Amino acid sequence: MKHIKIIFAILTSLVILSSVTSCKKYLDEAFANPNKPVEVDPDIVMPAVISNFARGLFFDARFLGNYIDYWHRTTTGITWERMGYDPGSDNGGEKWRTHYWNLGINSLNMIRDGRNSGRPEYAGANWALFALSWLQLTDYHGEVILDDAFKSEQLTFKYNTQDQVYDWVKVCVDSALFYLNQVTTPSDGFVNKGDKYFYKGNIDRWKKFAYGVKALVYHRYINKANYSADSVIKYVNLSFASAADDAIISFDPALAGISTTALNFYGPTRQNLPTYRASKYLIDMMNGTSFFTGVVDPRRAYIFRPSTDEQFRGLPANNGLTGFTTTTQPWNFWGFNSTASPAGGVDTGARTFFKNASPFPILTYGWLQFVKAEAAFKKGDMATARTAYIAGINGSFDLLLGNGYTGYTPINAGARTSYINDPMVTPATLTIQHIMLQKFVSLWPYGMEEIWVDLRKYQYDPNIFVNYVPVASLYPNNGGKLVQRVRPRYNSEYLWNFAELESIGANALDYHTVPVWFSKP
């Protein structure tokens, strides 16, 4: 990402170069490099920021997917499969790095430059992205650095509580809408360069995106006395009207010759997922052997290839391929029975989210409809809950059948309708189990952070997440407890901000098992 603006300041505690001094800063200012612009136009910076937004989610998905029983590895003993963590490692810390470094000052500068140059679309869009980034950051880590963030003159940075960050997310969304409402005609640079890989300058969809983030943050209060289902429903209704509004980041294969990072992280060229397989918990629901009994999900054969014996199977946590034969073991996401990436990164065997140029959703209509269904259910408005629930499933199908995705086995309209209308899928009396489990299936494999929010706010309750069984061999530091948060990024906080970590108890070996604010009454 050579176009990202280079910043020689200490951004939160991410920058670990403690040797940076006022003398160094003076030299940079006095003898500026003529080949390194001090100001970079948002048209150039924004594509890199959007790309890195996806990168942060991709990188951490490799670990978070293990926590939430979305996918597992073909080997055993991996700490994340056991709801643990890797001490002394940045594994699981990419979202932290993305938020404070890749977005960070870059987004704040684009907000400033967009405002000063009469391009409010840049200010609005970056406030909206920043809002979702703050939300996901605190959902993932719990306490994070807010008040002291981006104070380049400091060397240590205090943490804020999760409820304070949620309040700030609301401010970010309101700021986004304030600027987006000022846009009459977005600049050509925003349409054709800055926003090229996201909404392509569609301001109406940016507004809907902002309202979607607002719905999510209000939904985080579901365990609190001040939870407002009406507010959640209101903001969902102001958000996406259909899957056509889905927020999806695209990739440009034409840039692959410059860097393979221009391609989808899940694709075979990037070689990141050769030993990953869908979980048994997920596949059993799609097979009709768990909860949705006797009903085969048409999405199953569209997304996945079966084993050599034509059966669909998933992996249990920390089991690897133990008990499987060459005939029965699940195939990889690129359409091969192999634990290696295909030679040359060829993706002809891959489908849906796993081709080299497959776009990546970060917020969808289906996702928000499930949120609305849950809010209405909580309120006792069963008619609204049912309508939103069906819309959520349909949104999932529409996501898969649009956006250039291709599947292994086509989904015809009749199969889709029969599935949704089956009383095991949509009963006469809708339950919270139906809402949460259909959401679990429908958001695979992009909505991982949202699904982890759901699991934790219901305390991994097997009465809601029916047939859910935590991994038997929990990581030793857990003390028998399930994971509740990801520890702050090692290569900044534990090396350079340790005193502040101690203040929130993050020095404890079992800090990752401490419940987060939204999960408590």
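General remarks:
- Selection status of Leu255, in contact with a Lys or Arg (Cβ under 7 Å, 6 or more places away or on another chain), among the aliphatic types (A, V, I, L, M) and farther than 23 Å from Ala301 by Cα: no
Listed here are the residues, each with its yes/no results for (1) under 30 Å from Ile249 (Cβ atoms); (2) of a type in the set (Ser, Thr, Tyr); (3) under 18 Å from the mean Cα position of the chain (by Cα).
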{"residue": "Asn421", "(1), (2), (3)": "no, no, no"}
{"residue": "Ser442", "(1), (2), (3)": "yes, yes, yes"}
{"residue": "Trp452", "(1), (2), (3)": "yes, no, yes"}
{"residue": "Lys481", "(1), (2), (3)": "no, no, no"}
{"residue": "Pro488", "(1), (2), (3)": "yes, no, yes"}
{"residue": "Glu502", "(1), (2), (3)": "no, no, no"}
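- Residue satisfying condition, being over 23 Å from Thr429 (Cα atoms) and over 22 Å from the mean Cα position of the chain (by Cα), within set Thr328, Thr352, Thr289: Thr328
- Here the helices (runs of 4 or more DSSP H) wholly within segment 410-521 that include at least 1 residues being at pLDDT 95 or above, over 24 Å from Phe377 (Cβ atoms) and among the charged types (D, E, K, R) are 498-503.
- Odd one out for Gln154 among (1) without any contact (Cβ under 8 Å) to a residue 60 or more places away in the chain; (2) in a loop (DSSP other than H, G, I, E, B); (3) within 30 Å of Arg487 (Cβ to Cβ): (1)
- Those residues of segment 179-198 which are not in a loop (DSSP other than H, G, I, E, B) and not aromatic (Phe, Trp, Tyr), in sequence order: Leu180, Asp188, Gly189, Val191, Asn192, Lys193, Gly194
- Restricting attention to segment 229-274, the residues being crowded, with 16+ Cβ neighbours inside 10 Å and in a loop (DSSP other than H, G, I, E, B) number 17.
- The residues of segment 183-199 that are among the charged types (D, E, K, R) and either within 21 Å of the chain's Cα centre (by Cα) or crowded, with 20+ Cβ neighbours inside 10 Å (or both), listed by number, are Asp195, Lys196.
- Sole exception among (1) under 18 Å from the mean Cα position of the chain (by Cα); (2) acidic (Asp, Glu); (3) over 30 Å from Ala215 (Cα atoms) for Asp246, by number: (3)
- Options Ala383, Ala388, Ala373; residue that is more than 21 Å from the chain's Cα centre (by Cα) and either surrounded by 22 or more Cβ atoms within 10 Å (Cβ to Cβ) or basic (Lys, Arg) (or both): Ala388
- Hits in segment 213-240 (condition: closer than 19 Å to Phe377 by Cα and either in contact with a strand residue (DSSP E or B) (Cβ under 9 Å, 6 or more places away or on another chain) or at pLDDT below 95 (or both)): Leu216
- Checking each residue in segment 118-164 for being basic (Lys, Arg) and surrounded by 22 or more Cβ atoms within 10 Å (Cβ to Cβ) picks out only Arg119.
The values are calculated or read from the model by the stated rules, or taken from the named source; none is laboratory data. Treat the numbers as computed from the prediction; the structure is a model and nothing was measured. As a convention, Cβ positions derive from the backbone with ideal geometry for all residues, glycine included, and neighbour counts pool all protein chains shown.
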